[in-house]
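A.B. asks: There's a structure below that I have some questions on.
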């Protein structure tokens with residue numbers, strides 16, 4: 001069986017590499033034609049795709065998947081509409097491939113510049129969210145990359161239904177059918193092969209739980225664009241406008257629980273804690289959010305707050321649980337974020353512009369915000385059309401990864417007969 005999996009993955013890799021060479025020079029018109037055909041196929045098959053998703057949802061309930069995973073798995077009509085809108089946005093984006101920048105003449109007479117090019121073949125490993133199948137495929141195609149998609153077994157029916165629409169779009173446009181391939185086996189050995197096929201795959205993008213990301217990071221022989229988790233913070237500074245702070249802190253936690261840009265720890269300056277905490281705790285109580293706090297938080301809010309442990313400060317709950325800490329000022333808040341956070345998204349609520357700018361400079365995260373909910377850390381909200389993931393690395397891409405994050409640059413030289421003296 002292992003031999004057959006290896007042979008299958010070698011075939012997938014060979015086909016992806018061959019397709020990537022065609023995509024490298026595909027015109028923007030042709031790529032957009034394929035994406036538009038995919039849009040039409042999805043729109044025409046919405047009922048079938050949502051029905052397939054319900055099969056996955058029912059199987060997930062029988063397997064007793066947790067609520068956060070089920071939430072990420074579900075495709076509602078509203079989410080399907082958002083998925084289509086994301087595809088429309090990708091079609092409308094400027095094609096980065098072939099862009100030439102930094103042209104300059106050298107003393108030798110040559111003209112030197114940089115050209116933006118595709119990465120080549122992307123391997124995508126992800127869990128739960130079936131919308132990722134479309135987002136990853138559309139971004140890969142628009143940026144001239146072939147992509148190999150390996151979704152989780154819990155979303156198998158949804159992914160197969162979406163992949164059918166993608167294949168239809170490729171056939172209509174005349175682009176290689178293997179430009180997008182969905183791995184058809186749930187055997188975990190397929191992942192082991194995918195992340196070590198250096199001759200076929202140029203970059204791996206894992207998107208899922210912490211254990212998945214850690215496994216890929218430890219075992220991959222191919223560069224990885226990753227984030228481990230989303231332990232996000234909101235810091236309500238002493239000079240915050242509490243009329244802004246209350247809805248931001250509520251939205252950041254309760255808009256959706258099972259997402260990586262949800263707030264997991266609320267930091268409150270001691271100067272305003274007595275005023276702010278009872279008000280925000282009342283709002284959280286209405287949403288049935290469990291609070292775990294430091295001693296000062298417990299003193300202010302009483303027995304309704306459980307004791308926060310050291311582990312709580314590190315935890316991405318992905319559910320209706322929130323850690324709260326009262327801090328002595330911005331220095332303590334920033335130290336806490338940089339120590340316990342996951343370098344994903346962190347926000348400050350303040351009316352002090354100088355402190356806000358200092359927070360931007362000192363917090364070491366891929367997205368840092370002033371007076372806004374952490375839930376905005378998203379490719380769609382950032383105008384990227386969609387995202388293939390949110391990277392907490394510093395190289396090669398950071399934050400929501402859209403078209404540009406799936407490209408590289410190469411040096412180009414224009415000459416007119418020059419030789420080196």
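What follows is calculated from the coordinates using simple rules that are stated; it is not laboratory data. Note that the structure is a prediction, hence the values are computed from the model and not measured. For neighbour counting, all protein chains shown are included, and Cβ atoms are generated from backbone atoms with ideal geometry for every residue, glycine included.
A.B. asks: Compute the long axis of helix 270-286 from its Cα atoms, compare it with the longest principal axis of the Cα atoms of the chain, and write down the angle in degrees, 0 to 90, nearest 10.
C.D. replies: 70 degrees
A.B. asks: When a/c is below 1.5 the answer is rounded, else prolate if a/b is larger than b/c, else oblate, so apply that to the range 6-80 with a ≥ b ≥ c taken from the square roots of the Cα gyration tensor eigenvalues.
C.D. replies: oblate
A.B. asks: While we're looking at this one, here's another question. Between 271, 363, 327, find the one with the highest GNM mean-square fluctuation for the chain; connect C-alpha pairs within less than 10 Å.
C.D. replies: 271
A.B. asks: Test of understanding: what is the full-extension gain from residue 88 to residue 404, defined as 0.36 nm times their sequence separation minus their Cα-Cα distance? Spell out each step's value before the answer.
C.D. replies: Working: separation 316, 0.36 × 316 = 113.76 nm, distance 1.73 nm.
Residue separation times 0.36 nm, minus the Cα-Cα distance, leaves 112.0 nm.
A.B. asks: Under 1.5 on a/c is rounded, so check that first for the range 370-421, then, if it is not, pick prolate when a/b is larger than b/c and oblate when it is not; a ≥ b ≥ c are the square roots of the alpha carbon gyration tensor eigenvalues.
C.D. replies: Cα axes put the range 370-421 in the prolate bin.
A.B. asks: What does the helix-only formula give at 222 nm for the chain: each DSSP H stretch with n ≥ 4 adding -39500 (n - 2.57), the total divided by the residues, and the result rounded to the nearest 500 deg cm²/dmol?
C.D. replies: -14000 deg cm²/dmol
A.B. asks: Evaluate 2.2 N^0.38 Å with N set to the residue count of the range 194-264, then give the Cα radius of gyration divided by it.
C.D. replies: Details: Rg = 17.9 Å, N = 71, 2.2 N^0.38 = 11.1 Å.
Normalised Cα radius of gyration, the range 194-264: 1.61.
A.B. asks: Could you state the angle between the C-alpha long axis of helix 2-23 and the longest principal axis of the C-alpha atoms of the chain, as a value from 0 to 90 degrees rounded to the nearest 10?
C.D. replies: 80 degrees
A.B. asks: For the range 319-421, which semi-axes, largest first and in whole Å, follow from the square roots of 5 times the eigenvalues of its Cα gyration tensor? Kindly include the intermediate steps, with their values, before the conclusion.
C.D. replies: On the way: eigenvalues 281, 65, 33 Å².
Calculated on Cα positions only, the semi-axes equal 37, 18, 13 Å.
A.B. asks: Which label marks the calculated value of percent of Cα pairs over 39 Å apart, given the options [x] 20; [y] 15; [z] 27?
C.D. replies: Answer label, from the structure shown: [z].
A.B. asks: Apply the a/c threshold of 1.5 to the C-alpha gyration tensor of the range 35-168 and tell me whether it is rounded, prolate or oblate.
C.D. replies: Taking the square roots of the gyration eigenvalues as a ≥ b ≥ c, the range 35-168 is prolate.
A.B. asks: Also, I was wondering about something else. Using the 2.2 N^0.38 Å rule of thumb for compact globular proteins, work out how the range 162-238 stacks up: its C-alpha Rg over that value, please.
C.D. replies: Working: Rg = 17.3 Å, N = 77, 2.2 N^0.38 = 11.5 Å.
In units of the globular-protein estimate, the range 162-238 measures up at 1.51.
A.B. asks: Return one number: the angle in degrees, 0 to 90 and rounded to the nearest 10, between the long axis of the Cα atoms of helix 330-340 and the longest principal axis of the Cα atoms of the chain.
C.D. replies: Value to nearest ten degrees: 50.
A.B. asks: Just to confirm my numbers, what's the Cα centroid distance between the range 356-421 and the range 176-197 in Å?
C.D. replies: For the range 356-421 versus the range 176-197, the Cα centre distance is 27 Å.
A.B. asks: How high is the relative contact order of the range 190-259, given as a whole-number percent (alpha carbon pairs under 8 Å, six or more residues apart)?
C.D. replies: On the way: 54 pairs, mean separation 18.2, N = 70.
That works out to 26 percent.
A.B. asks: Something else: How long, wide and thick is the range 232-376, going by the Cα atoms along their three principal axes, in whole angstroms, largest first?
C.D. replies: 37, 30, 27
A.B. asks: On to the next question. Using a 7 Å offset from the Cα along the Cα-to-Cβ direction at both residue 111 and residue 362, what is the distance between the two label points in nm, to one decimal?
C.D. replies: Result: 4.8 nm between the two label points.
A.B. asks: What is the distance, in nm, between label points placed 7 Å from the Cα along the Cα-to-Cβ direction at residue 306 and at residue 283?
C.D. replies: So the label points at residue 306 and residue 283 sit 2.3 nm apart.
A.B. asks: Can I ask one more? Given the convex hull over the Cα atoms of the range 123-217, what projected area results after averaging over all orientations, in nm²? All intermediate terms of the calculation are to be shown ahead of the outcome.
C.D. replies: On the way: hull surface 23.3 nm².
Mean projected area for the range 123-217: 5.8 nm², to one decimal.
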